[in-house]
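Right, one structure below, let's go through it.
All of the numbers you see were taken from the coordinates with simple rules; none came from a lab. Since this is a predicted model, take the numbers as computed values, not measurements. Every residue, glycine as well, gets a Cβ built from its backbone with ideal geometry; the counts of neighbours run over all protein chains shown.
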Amino acid sequence: MRRFTILLALFLCTSGYGVFAQFNERPILNLENEDKALLNWGYFLGFNQYDFKFEYTNDLQDILVDKTMGFNVGLIGELRLHEHLDLRFEPGLYYGTRTLGFPGFSEANDAIREVKSTYINFPLLLKVSTKRIGNWKPFLVGGFSASLNLGSNEDSLDDNSSGTFRMKSQVFNYELGFGIDFYTEYFKFSPSIRGVFAITDELVPDNDPSSPWTANIDALRTRGVFVNFTFE
């Protein structure tokens, strides 16, 4: 999370330097009518970092999670509700990898499980914006989403005893974030950072109730950070 915040801050400082420099100079407003349309469209590109939150049956040694950076791509549809309030639908493809390290094993083949996830995410979000200040406008965004995990292995007959970690394919989440709209001469550019928090338990337990991999897991939920760069 700290790395993502630093990267976003550096990007904002570099990309928004010209906008902030014009603030005290009363800059010429770009795209003055951009936010007045009832419907707006766009797309986003970005990156993510997925994590897991574990809830355990017994207080034993934690399962370790090694997180890597993934990528995001998707579309945006926005409905103007009010001068400072928009309803957004942002279907997208999110790919990420997490590596789990299970305690109590001496062999890496037993202790390590690589979890590759390809989520098709369907978020419905409310975007609350401040008053436009020159050519930029901060905003908060939040809402709920449903995700389909194409790499869940939910229907696999194999489990961890065969090297397959299984998760449920359908996940429900809530999302919270913030960002800034920058109005350039030709388009609106919006970098943002958002957290995603799964509401539903995603674990598919192993076939053996006393499995050394899943017996002590009471619930497993995804946590993640998205950094998106939106073009409208």
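Structure above, values below:
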{"quantity": "Net +/- balance of residues flanking ALA215 in space, Cβ distance below 11 Å, scoring K and R +1, D and E -1", "calculated": "-3"}
{"quantity": "Spin-label pair THR97/ALA219, simplified geometry with 7 Å Cα→Cβ offset, distance in nm", "calculated": "3.0 nm"}
{"quantity": "Positive-end extreme of charge dipole, the stretch 107-232 - chosen from ALA215, TYR174, VAL141 (charges on Cβ)", "calculated": "VAL141"}
{"quantity": "Among 135-147, 47-59, the order from most to least packed when residues are scored by Cβ within 10 Å on average", "calculated": "135-147, 47-59"}
{"quantity": "Cα→Cβ-extended label distance, 7 Å offset, between PHE122 and LEU140, nm", "calculated": "2.8 nm"}
{"quantity": "Phi to ³J(HN,Hα) by Karplus 6.51 cos²θ - 1.76 cosθ + 1.60 over the stretch 140-152, Hz, x for Gly, Pro", "calculated": "10, 9, x, x, 10, 9, 10, 10, 10, 8, 6, x, 6"}
{"quantity": "Amide H contacts of VAL115 (H built 1.01 Å from N, under 5 Å, at least 5 apart or other chain)", "calculated": "ARG98, THR99, LEU100"}
{"quantity": "In Hz, Karplus ³J(HN,Hα) per residue of the stretch 207-212 (6.51, -1.76, 1.60; θ = phi - 60°; x = Gly, Pro)", "calculated": "5, 7, x, 9, 3, x"}
{"quantity": "Cα extents of the chain along the three principal axes, largest first (Å)", "calculated": "67, 31, 26"}
{"quantity": "nm² value of the averaged projected area, convex hull over the Cα atoms of the stretch 140-220", "calculated": "7.3 nm²"}
{"quantity": "Added length on full extension, which subtracts the Cα-Cα distance from 0.36 nm per residue, LEU85 to LEU64", "calculated": "3.5 nm"}
{"quantity": "Rg and Dmax of the stretch 182-228, Cα atoms only, in Å", "calculated": "19.5, 62"}
{"quantity": "P(r) histogram, all alpha-carbon pairs of the stretch 28-145 included - 5 Å bins from 0, percent", "calculated": "2, 9, 14, 16, 14, 11, 10, 8, 6, 5, 3, 2, 1, 0"}
{"quantity": "The chain - mean residue ellipticity at 222 nm from DSSP helices (-39,500 (n - 2.57) per run, n ≥ 4, rounded to 500)", "calculated": "-3000 deg cm²/dmol"}
{"quantity": "Inter-centroid distance (Cα atoms) of the stretch 152-216 relative to the stretch 47-123, Å", "calculated": "4 Å"}
{"quantity": "SER106-LEU150 FRET efficiency (beta carbon distance; Förster radius 41 Å; 0.05 resolution)", "calculated": "0.80"}
